[in-house]
Amino acid sequence: MTLDEILEGRDPDRLSELSREDMRRLFWMYKGLLKRVERDTAYWQATNDNLRTAYERLDEQERELARAYQTIRQDLEIAQQVQHALLPKDHPEMLARFEFSVYHKQMTEVGGDYYDFYRLRDGSHAIGVFDISGHGVSAALIMAYLKAQLVQTMEQVSRPRDIVEYLNNATVGFLREVRRYATVNFVAFGERTFRYVCGGGYGVLVRGGEVHTFNKGDPFIGLRRRAYSEYELPFETGDVLALYTDGMVEAQDSAGADYSTRRLHELVRTNAELPANQILQRCLDDYGQFRRVDADDITLIVLRRRAA
Amino acid sequence: MSDESEPSEPVVHGALMGGFAQACVNLNIVAGRRATALLADIDMGRWFPLSKWMEIERMVGESYANVEPIRLKLGIEMMTLWYHHGPGKALIHRGADFLHFQTGSHGIASVIRGPREVVGSFDLAEFDSERGHAVIRSSTPFDKTIERGVLIGGVMAPGDLYYVDVTNDGDPNRLVVEFH
């Protein structure tokens with residue numbers, strides 16, 4: 001009986017029949033197995049120890065990450081409060097002349113859509129709507145910068161074209177350096193008209209059941225030094241003006257279709273007889289049913305001139 | 001670099017580097033993007049500065065609190081790869097042959113080159129197949145535990161031996177091989 005036969009037959013009772021040579025083989029086989037188990041055990045023990053250390057490090061890093069995340073959250077909340085404070089609040093003088101409603105939603109805590117109400121040096125009221133390229137904190141910082149620049153600009157000039165040109169010239173160097181730009185839609189109201197400058201912004205006037213779309217062919221703020229064009233449209237009691245950024249009209253449904261300016265303008269037109277806040281709400285309801293997810297900051301302002 | 005030239009700086013052949021790196025990956029000492037980068041960095045036909053080998057050795061050392069069993073396994077894994085997925089099977093047929101092979105001109109001497117005082121030597125000082133005993137004197141710059149693993153893995157790879165162990169016997173440059 002050989003060792004191989006015993007091992008194949010699984011008959012340990014016949015081990016005593018083995019030759020001296022097979023007994024030697026069995027001895028070294030057994031010792032070899034013990035040695036392999038010893039090496040493997042040491043290897044797996046070291047691997048296991050390492051895994052435990054790695055988990056402990058991972059736990060610590062997770063705690064550090066959570067602390068860092070909490071700090072960032074707190075900073076963002078503060079940034080959000082600061083940005084809210086930079087947006088216009090009560091404007092009794094505007095409210096006396098215009099019925100208006102505003103929807104403003106940033107995609108994250110802070111964003112790059114910015115609107116403001118102004119009183120120009122010549123006493124007229126104005127609205128500016130800007131969309132800074134990018135999102136988040138960097139766009140919000142540019143927004144604060146633009147607001148500061150606008151305040152200075154208003155002290156120098158009062159015509160919409162001059163204001164936008166002055167603002168562009170004052171900021172183009174910095175904006176190019178940080179590779180940012182902003183769309184602009186600046187509207188100044190007269191007694192029975194308004195004048196506007198539009199570089200990449202969106203605006204629509206509904207007057208007598210007809211839609212007048214803003215000419216938005218002027219350059220964005222921050223791209224290059226250039227002269228801006230100014231346009232004038234009538235704006236009388238009952239006329240409705242909507243100013244907005246691209247967030248809403250470029251949002252897509254689940255099939256990939258854009259919400260579109262046409263759809264928004266048609267909604268404003270068909271609801272033009274309603275109060276401004278209801279027109280805005282109709283637009284938001286329709287948009288809410290359409291879009292799959294918001295992909296950009298959104299600003300929509302609806303105004304109607306009150307009866308004198 | 002050609003095989004004929006004698007480099008002034010110590011160099012290690014890409015085949016050895018590749019086996020070492022692959023063993024590190026197989027044992028998950030490096031994983032993910034680091035593993036991909038490590039393997040992509042090694043051309044099996046080129047010579048690499050010895051410092052690159054040392055860099056990987058250091059990385060292994062820094063990765064484990066108890067690194068000796070890992071180093072041993074790494075050496076074994078390298079030779080398992082060399083035998084089953086490299087040229088090993090065609091070069092040796094019995095476990096004991098590996099000791100002659102590794103200490104000959106086609107062994108370690110063929111994959112590390114440079115100044116003698118740096119690359120050292122790897123010599124079979126004693127060999128007794130009846131007793132299953134051999135002694136190798138090694139003064140190579142490689143980690144001695146990895147070198148022990150290489151000897152264990154190489155001698156075990158053909159599968160004709162039941163027992164293989166390599167100890168240092170107090171002298172790290174004296175590798176005592178027991179095989180049966």
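The values are calculated or read from the model by the stated rules, or taken from the named source; none is laboratory data. Keep in mind the model is a prediction, meaning the values are calculated, not measured. With ideal geometry, Cβ positions are generated from the backbone for all residues, glycine too; neighbour counts draw on all protein chains shown.
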Checking A:Arg63, A:Arg36 in turn, the sole residue that is away from chain B (no Cβ under 14 Å) and assigned to a helix (DSSP H, G or I) turns out to be A:Arg63
Can you go through A:Arg192, A:Arg176 and tell me which one is loosely packed, with under 13 Cβ neighbours inside 10 Å and among the basic types (Lys, Arg)? A:Arg192
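Given the criterion outside the structural domain of A:Gly247 (by TED's automatic domain parsing) and part of a helix (DSSP H, G or I), identify the matching residue among A:Ala140, A:Ala68.
So the residue among A:Ala140, A:Ala68 that is outside the structural domain of A:Gly247 (by TED's automatic domain parsing) and part of a helix (DSSP H, G or I) is A:Ala68.
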Regarding B:Val155, is this residue assigned to a helix (DSSP H, G or I), within 14 Å of another protein chain (Cβ to nearest Cβ) and touching a helix residue (DSSP H, G or I) at 6+ places or on another chain (Cβ under 8 Å)? yes
Every residue in the stretch A:143-183 that is farther than 24 Å from A:Phe214 by Cβ, in a helix (DSSP H, G or I) and not acidic (Asp, Glu), please. A:Ala144, A:Tyr145, A:Ala148, A:Val151, A:Gln152, A:Gly173, A:Phe174, A:Arg176
Determine, yes or no, whether B:Gly170 is within 23 Å of B:Val11 (Cβ to Cβ) and either surrounded by 22 or more Cβ atoms within 10 Å (Cβ to Cβ) or at pLDDT below 95 (or both). no
Which one of these is among the hydrophobic types (A, V, I, L, M, F, W, C) and surrounded by fewer than 18 Cβ atoms within 10 Å (Cβ to Cβ): A:Val110, A:Val164, A:Val157? A:Val157
Out of A:Leu34, A:Leu58, which single residue is out of contact with any Cys (no Cβ under 8 Å at 6 or more places or on another chain), closer than 28 Å to B:His180 by Cβ and in the same structural domain as A:Thr2 (by TED's automatic domain parsing)? A:Leu34
Would the stretch B:99-112 turn up any residue that is within 13 Å of chain A (Cβ to nearest Cβ) and of a type in the set (Ser, Thr, Tyr)? no
Of the residues A:Gly128, A:Gly112, which is on the phi < 0 side of the Ramachandran plot, of a type outside the set (S, T, N, Q), in contact with a helix residue (DSSP H, G or I) (Cβ under 9 Å, 6 or more places away or on another chain) and modelled with pLDDT of 95 or more? A:Gly128
Name the residues in the stretch A:218-258 that are part of a loop (DSSP other than H, G, I, E, B), in contact with a Lys or Arg (Cβ under 9 Å, 6 or more places away or on another chain) and closer than 22 Å to A:Ala182 by Cα, would you? A:Asp218, A:Pro219, A:Gly222, A:Leu223, A:Arg224, A:Ala227, A:Tyr228, A:Ser229, A:Glu230, A:Ala251
Among A:Phe214, A:Phe186, A:Phe130, the single one that is free of Cβ contacts under 8 Å to residues at least 40 places away in the same chain, in contact with a Gly (Cβ under 9 Å, 6 or more places away or on another chain) and surrounded by 18 or more Cβ atoms within 10 Å (Cβ to Cβ) is A:Phe214
Whether any residue in the stretch A:244-251 is over 30 Å from A:Ala96 (Cα atoms) and among the aromatic types (Phe, Trp, Tyr) is what I want to check. no
Does A:Leu264 qualify as being crowded, with 20+ Cβ neighbours inside 10 Å, part of a strand (DSSP E or B) and not acidic (Asp, Glu)? no
Quick one: is A:Leu18 at pLDDT 95 or above and away from every other protein chain (no Cβ under 11 Å)? no
Complete set of residues in the stretch B:159-175 that are more than 14 Å from chain A (Cβ to nearest Cβ) and closer than 25 Å to B:His84 by Cα: B:Leu175
Residue count, the stretch A:117-142 (criterion: within 18 Å of the chain's Cα centre (by Cα) and either closer than 17 Å to A:Ile163 by Cβ or among the basic types (Lys, Arg) (or both)): 2
Taking the stretch B:122-152 on its own, how many of its residues are touching a helix residue (DSSP H, G or I) at 6+ places or on another chain (Cβ under 8 Å) and part of a loop (DSSP other than H, G, I, E, B)? 5
Output yes when any residue across the stretch B:135-143 is within 14 Å of another protein chain (Cβ to nearest Cβ) and surrounded by fewer than 17 Cβ atoms within 10 Å (Cβ to Cβ), and no when none is. no
Residues in the stretch B:116-124: is at least one in contact (Cβ under 8 Å) with a residue 40 or more places away in the chain, away from every other protein chain (no Cβ under 11 Å) and over 22 Å from B:Glu77 (Cα atoms)? yes
Single condition A:Arg119 does not satisfy, out of (1) surrounded by fewer than 19 Cβ atoms within 10 Å (Cβ to Cβ); (2) under 23 Å from A:Leu280 (Cβ atoms): (2)
Unmet criterion (only one of (1) of a type outside the set (S, T, N, Q); (2) assigned by TED's automatic domain parsing to the domain that holds A:Gly201; (3) buried (at least 17 other Cβ atoms within 10 Å of the Cβ); (4) modelled with pLDDT of 90 or more) for A:Lys105: (3)
Test A:Trp44 against the criterion of being surrounded by 12 or more Cβ atoms within 10 Å (Cβ to Cβ), touching a His at 6+ places or on another chain (Cβ under 8 Å) and assigned to a helix (DSSP H, G or I), and give yes or no. no
